[in-house]
Amino acid sequence: MPTSKDYLDFVLEQLSDMDDISYRQMMGEYILYFRGKIFGGIYDNRFLIRPVPAALKKMPDAKRELPYEGAAEMLLVSDPEDKDFLCELLEAMYEELPEVKRRKKRK
């Protein structure tokens, strides 16, 4: 079941206090970026983030879920309504997020 646009809008509103949040739609789901780095996504109306050490520290009891079959586990944000927590979480995670790999153009 693809993610609803309403749920995407809700999550983006919760992150609206952050600078430079963007997203990209991919096969009915959404990849989320913070300052150009992928920090998570929305899959089947679930807000999932990468399990970097800072996220694990801030969310030690977070449930691990697969965004889709064959993918690496991510952490479920169980309380996406806490805007202050989300801002703190992203700021803490940022330095630990890998840089986005750029694809080489085909000739």
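A short reminder: the numbers here are calculations on the coordinates, not readings from a lab. Everything quoted here is computed from the prediction, not taken from an experiment. As a convention, Cβ positions derive from the backbone with ideal geometry for all residues, glycine included, and neighbour counts pool all protein chains shown.
A few notes on this one:
- Where labels lie 7 Å past Cα in the beta-carbon direction, separation of Lys58 and Asp19 in nm: 1.7 nm
- For percent of Cα pairs over 21 Å apart, the value computed from the atomic coordinates appears in the list [x] 31; [y] 44; [z] 36 under label [x].
- Cys87 paired with Asp6, simple spin-label distance in nm, labels 7 Å along Cα-to-beta-carbon: 2.7 nm
- Distance-filtered residues of the range 88-107 - backbone nitrogen under 14 Å, label point 7 angstrom along Met26 Cα→Cβ: 98-103
- Net charge of Cβ neighbours under 14 Å - reference Ser78; Lys, Arg +1; Asp, Glu -1: -1
- Over 23 Å between alpha carbons, listed pairs Lys63/Lys101; Lys37/Lys83; Lys37/Lys57; Lys37/Lys58: Lys63/Lys101
- Extension gain, Ala72 to Asp44, is 8.5 nm, computed as 0.36 nm per intervening residue step minus the present C-alpha separation.
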